[in-house]
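**Q** There's a structure below that I have some questions on.
Taken together, the values in this text are just the output of simple stated rules run on the coordinates, not laboratory data. These numbers come from a predicted model, not from an experiment. Note: ideal-geometry Cβ built from the backbone for every residue, glycine included; neighbour counts use all protein chains shown.
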Amino acid sequence: MSGPWAVEVDDLSVRFGDFTAVDAVSFKVSPGEIFGFLGANGAGKTTTIRVLCGLLVPSSGKVRVAGLDAADGLMAIKRKVGYMSQRFTLYDSMTVGENLSFAAALRKMPGDVLARRTRELFDTIGFDQPVTMFVRDLAGGYKQELSLATAMLHDPEVVFLDEPTAGVAPAARARFWRLIRKIAASGKTVFVTTHYMDEAEQCGRIALMRAGKLIALDEPGALKTRAFPEPLVEIEAGPGAPEEWIQDVRRDAAVLALKPHGLRWHASVADAAGVERLVKALGSFATVKPITPSLEDVFIRLVEGADR
Amino acid sequence: MPGIGIKAVGLRKRLKLNQALDGVSLAFEPGLLHGLIGPDGAGKTTLLRALVGLLRPDEGLIIFSRNGDPVAFDEISPTVAYMPQRQSLYADLSISEHLDFFRDLYRLPDGVYSARRAELLQITRLEPFIDRPAGQLSGGMYKKLGLMCALLQSPTVLLLDEPTNGVDPISRREFWELLYRLAGGAVTIVVSTAYMDEAERCARVHLLDAGRTIAEGEPRRVLHESGAANFDELFMRREAAGR
């Protein structure tokens, strides 16, 4: 896709003293894209987002957001972006309506605009809780929805969501992601970080950060193919499994890597013959089936082992 | 079974408008790794706080046992470690200084302390970072430091409130490997989590929803009985069915 880009990052570095949080990172995001920004804790995700929101001045490199750069002024950028931050988003001891009014007041938004935007957003989001309710009394999932509404009150072109669903119930997470798709479909750009790999699967493209560097950027499917050129199998042992069976699997020369996944194991195997041999060896007490790697598999393979 | 067992019977606790615990009954067996699984608002934190005596339930009983015999909480409380969700560590103190601080707090003899400290730094792999202030640790490392402080005194019961919330997939794995290493001994571990995939990593799971226990037992058995392929699906189905 050709420009204009929603987000352009060119050779961005951010240093705090002698610590380099973001190290020569470049990428571009298209308008209307759901862009997943993944990486280990401390990989530089939040720092990058803070630069893109005009909250932090980079040590070097250039960023453009919604066609604007630092020369246009940080305030101009702030008007074009919405930011739902990881930690703090809402005041617990204020009502739903008060939180929205407060956010509107910070942006010097007239009352009639606030009323109209609130109606529009509640309609889009499907938010049906009373505006007189205290935020602390909102049930799980609604807080995130309100927080998103607050971040989008000024109708930004690019929305940054920093771990929006941490600790949220599965059904509420699914609902939140339906919302993300709806927002992107309306032409807004959604830039999202998450530690839930099932959510990452729903992104158009994924950028993977490690120790301040961008180590991969592609669609989920392409990332999987690149990270796992060899077959991956899932092994689940039944009740009749002999003790120490997993040690035998680990010792198998064709097994390149073996990782626990809850009740199951994922083994990457050198070739099809290796898979066949595993099926034969374990078939009497375990199911061995070839699988498409999950993004968790990909994440582990690409990020693990390095300094992070 | 050697070790401390915990049984909760009909616990109810109201926090302002919210019926946080609505008749929770469950049992934690000595020496096992237990998962307290449920979405936010299920009552996990309230239950853990009730177990360590930080709040008094409105109704119900909490019964502790040692090697099978009932024991008063006061007798075992010095060896009960609790790691709250928002761990208050000191941003300006380094890892090393935190350990020294907790040594003084627990009044550990020097010999015991240095052995324990070396062991913990080795299994958490935090040795290279001992001079880094807590305020500059990554999310996963911060949680590990919290765990180390809790483990310094060799607890018999370890209660961890969402230790992996907001922690990346690899650090999450490392944290669980750490728990497995601890689980080998006689320590009774209870870990709460909203990550449904972590339920499968526990010896026993206790599923909470809206202040009640909805299922407990071995993860495989609980899944089998519910007919769900995984715990995400199990909770999704409940929500779809309107609970």
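**Q** Hey, can you grab everything whose amide H is under 5 Å from the amide H of A:Tyr83? Only 5+ residues off in sequence or another chain; H modelled, so Pro and N-termini drop out.
**A** A:Phe160
**Q** Taking Cα pairs under 8 Å and at least six residues apart, what relative contact order does the range A:30-184 come out at, in percent?
**A** 29
**Q** I've got another one for you. What spacing in nm lies between the two simple spin-label points modelled at B:Phe101 and A:Arg136, each 7 Å away from Cα in the Cβ direction?
**A** For B:Phe101 paired with A:Arg136, the spin-label model returns 2.7 nm.
**Q** Another one. Report, in deg cm²/dmol and to the nearest 500, the calculated mean residue ellipticity at 222 nm for chain A, where each DSSP H run with n ≥ 4 adds -39500 (n - 2.57) and the sum is divided by the residue count.
**A** -10000 deg cm²/dmol
**Q** Could you derive backbone 3J(HN,Hα) for the range A:28-40 from the dihedral phi with the Karplus parameters 6.51, -1.76 and 1.60 (θ = phi - 60°), listing whole Hz in sequence and x where the residue is Gly or Pro?
**A** 9, 10, 7, x, x, 7, 9, 10, x, 10, 10, x, 5
**Q** DSSP beta bridges in the protein assembly as shown, what fraction antiparallel, as a percent rounded to 5?
**A** Approximately 60 percent, going by the DSSP bridge assignments.
**Q** Under 12 Å from the Cβ of A:Ser13, count the other residues' Cβ atoms, weight Lys and Arg +1, Asp and Glu -1, and hand me the total.
**A** 0
**Q** Roughly how far apart, in whole Å, are the Cα centres of the range B:9-47 and the range A:74-104?
**A** A separation of 33 Å, based on Cα centres.
**Q** Once you've got the Cα coordinates, tell me which of A:Lys188/A:Lys213; A:Lys45/A:Lys80; A:Lys143/A:Lys224; A:Lys182/A:Lys259 are over 28 Å apart.
**A** The answer is A:Lys143/A:Lys224; A:Lys182/A:Lys259.
**Q** Please list, ordered by chain and number, the residues whose modelled amide H lies under 5 Å from the amide H of A:Leu256; skip anything fewer than 5 residues away on the same chain.
**A** Counting only residues 5 or more places away or on other chains, the set is A:Ser268, A:Val269, A:Ala270.
**Q** Right, next: From the phi angles alone, apply the Karplus equation (6.51, -1.76, 1.60; θ = phi - 60°) to the range A:245-251 and give each ³J(HN,Hα) in whole Hz, x where the residue is Gly or Pro.
**A** Per residue, the Karplus-derived 3J(HN,Hα) values read 4, 5, 4, 4, 5, 4, 6 Hz.
**Q** Could you check what % of the DSSP bridge pairs in chain B are antiparallel, to the nearest 5?
**A** 55
**Q** Going by how many other beta carbons lie within 10 Å of each one, how would you line up A:Val57, B:Val157, fewest first?
**A** Final ranking by Cβ density, sparse to dense: A:Val57, B:Val157.
**Q** Here's something else I'd like to know. Among B:Ser171, A:Ser147, what is the fewest-to-most ranking by other Cβ atoms within 10 Å?
**A** Lowest count first: A:Ser147, B:Ser171.
**Q** Read phi for every residue in the range A:149-166 and hand back ³J(HN,Hα) as whole Hz from Karplus 6.51 cos²θ - 1.76 cosθ + 1.60, θ = phi - 60°, with x for Gly and Pro.
**A** Couplings: 4, 4, 5, 10, 4, 8, 6, x, 7, 10, 10, 9, 10, 9, 6, x, 10, 4 Hz.
**Q** How large is log10 of I(q)/I(0) for the protein assembly as shown at q = 0.08 Å⁻¹ when the intensity is taken from the Debye formula with one equal scatterer per alpha-carbon?
**A** Here log10 of I(q) over I(0) equals -0.59.
**Q** Which order do the peptides B:189-200, A:103-114, A:135-146 take when ranked by the mean count of other beta-carbon atoms within 10 Å per residue, highest first?
**A** Output ranking for B:189-200, A:103-114, A:135-146: B:189-200, A:135-146, A:103-114.
**Q** I would also like to ask the following. Of the trypsin sites (Lys or Arg not before Pro) in the range B:1-106, which ones lie in a loop per DSSP and count no more than 11 other C-beta atoms within 10 Å?
**A** The qualifying sites are B:Lys16, B:Arg86.
**Q** To test your reading of the geometry: what angle, between 0 and 90 degrees and rounded to tens, separates the Cα axis of helix B:95-106 from the longest principal axis of chain B?
**A** The angle comes out near 80 degrees.
**Q** Roughly how many nanometres apart are two label points built 7 Å out from the Cα toward the Cβ at B:Ala203 and B:Asn67?
**A** 1.8
**Q** Among A:Ala149, A:Ala227, A:Ala272, whose mean-square fluctuation peaks in a Gaussian network model of chain A (Cα, cutoff 10 Å)?
**A** A:Ala272
**Q** Follow-up question, since we're still on this one. Take B:His206, A:His261 and order them by how many other Cβ atoms sit within 10 Å, fewest up front.
**A** Sorted ascending by nearby Cβ count, the order is A:His261, B:His206.
**Q** Taking amide H positions as placed in the peptide plane 1.01 Å from N, state which residues far from A:Ser59 in sequence (5 or more) or on other chains have amide H under 5 Å from it.
**A** A:Ser13, A:Val14, A:Arg15
**Q** Cα axis of helix B:139-151 to longest principal axis of chain B: angle in degrees, 0 to 90, nearest 10?
**A** The angle comes out near 80 degrees.
**Q** Hey, what angle do you get for helix B:110-124 against the long axis of chain B, alpha-carbon based, 0 to 90 degrees rounded to 10?
**A** 60
**Q** Charges at C-beta only: +1 for Lys and Arg, -1 for Asp and Glu. How large is the resulting dipole of chain A about its Cα centre, in Debye rounded to 20?
**A** 660
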